[in-house]
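Computed from the coordinates by the stated procedures, all read-outs in this text should not be read as laboratory data. A quick note: this is a predicted structure, and the numbers were derived from the prediction, not measured. Every residue, glycine as well, gets a Cβ built from its backbone with ideal geometry; the counts of neighbours run over all protein chains shown.
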Amino acid sequence: MATQTASYPALRRATNGGCLYLVSTPIGNLEDITLRALRILKEVDLIACEDTRETAKLLNHYGIHKRALSYHEHNEVVRAAEIVLDMEEGARVALVSDAGTPGISDPGDHLISLAIRHGIPVIPVPGATAFGAALMASGLPGGHFHFVGFLPPKRVARRKALKTLAAQPATLIF
């Protein structure tokens, strides 16, 4: 544990053991999950997930039986406060999205920033990302790229964004 504590200084501040793990999940193939992610999912007290039905497929596949709580864009403000209270009482919580990495074009920003403001350790558990897989398979230069995420849904704003992005001298990933 000394090595992990040295790697994550925030762990030294947490006296109650509560923390937030940001666990990357497979983006299409259930085998694209790290051993560390599986271990964390087995060890935590609670799994906050974008869609409990989607996460149940992953958990059932690996025989993981943990309490899952929905956390998505429609309930994130209320749920984030509830989850932070749990972590302040010592709960170890994993945040997962349906596919990919929490906080990267997926729910998570609100809970992550609230946890940080409350001095709760936030520990990334990296894994597969859609933008990384897309860049790898594209054949485009990967030394300098810009991850844009989702474009604006409204036509005028989307066109304006695309016009601005077209001038960038980098590989663009949406």
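Hey, can you rank 165-173, 120-128 by average C-beta count inside 10 Å, highest first?
Details: 165-173: 11.8, 120-128: 18.6.
The peptides rank, most packed first, as 120-128, 165-173.
Relative to the longest principal axis of the Cα atoms of the chain, the long axis of helix 155-166 makes an angle of roughly 80 degrees. Taking one equal scatterer on every alpha-carbon of segment 131-173, how large is log10 of I(q)/I(0) by Debye at q = 0.17, 0.21, 0.22 1/Å? With one equal scatterer per Cα and no solvent, log10 I(q)/I(0) is -0.51, -0.72, -0.76. On full extension, the segment bounded by Val78 and Tyr62 gains 2.8 nm, given 0.36 nm per residue less the C-alpha separation.
Taking a straight line from the alpha carbon of Lys57, these lysines sit under 20 Å away, with near neighbours fewer than eight places off in the same chain left out: Lys42, Lys66.
For the chain, the mean residue ellipticity at 222 nm estimated from helices alone is -11500 deg cm²/dmol, where every DSSP H run of n ≥ 4 contributes -39500 (n - 2.57) and the total is divided by all residues, rounded to the nearest 500. FRET efficiency for the Ala161 to Ile116 pair, using the beta carbon distance and R₀ = 25 Å, is estimated at 0.30.
Peptide packing for 151-160, 50-59, 87-96, 17-26 was compared via the average number of neighbouring C-beta atoms within 10 Å per residue; ordered from the highest value, the list is 17-26, 87-96, 50-59, 151-160.
What the Cβ-Cβ distance of Lys42 and His146 gives, at R0 = 45 Å and to the nearest 0.05, is a FRET efficiency of 0.80.
Counting alpha carbon pairs within less than 8 Å and at least 6 residues apart, what relative contact order, in whole percent, applies to segment 45-174? Please list the in-between numbers first.
Details: 143 pairs, mean separation 27.5, N = 130.
For segment 45-174, the relative contact order is 21 percent.
Ordering of 131-144, 99-112, 29-42 by packing is 99-112, 29-42, 131-144, highest average first (other Cβ atoms within 10 Å, averaged per residue). Per-residue Cβ neighbour counts within 10 Å put Phe145, Phe174 in the sequence Phe174, Phe145, beginning with the fewest.
For segment 26-171, the Kirkwood estimate of the hydrodynamic radius, built from every pair of different alpha carbons, is 17.0 Å.
Note on the chain: antiparallel DSSP beta bridges, both residues inside, total approximately 5 percent of the bridges counted.
Can you give the angle from 0 to 90° between the axis of helix 52-61 and the longest principal axis of the chain, with both taken from C-alpha atoms, to the nearest 10? So the helix axis and the longest Cα principal axis differ by about 70 degrees.
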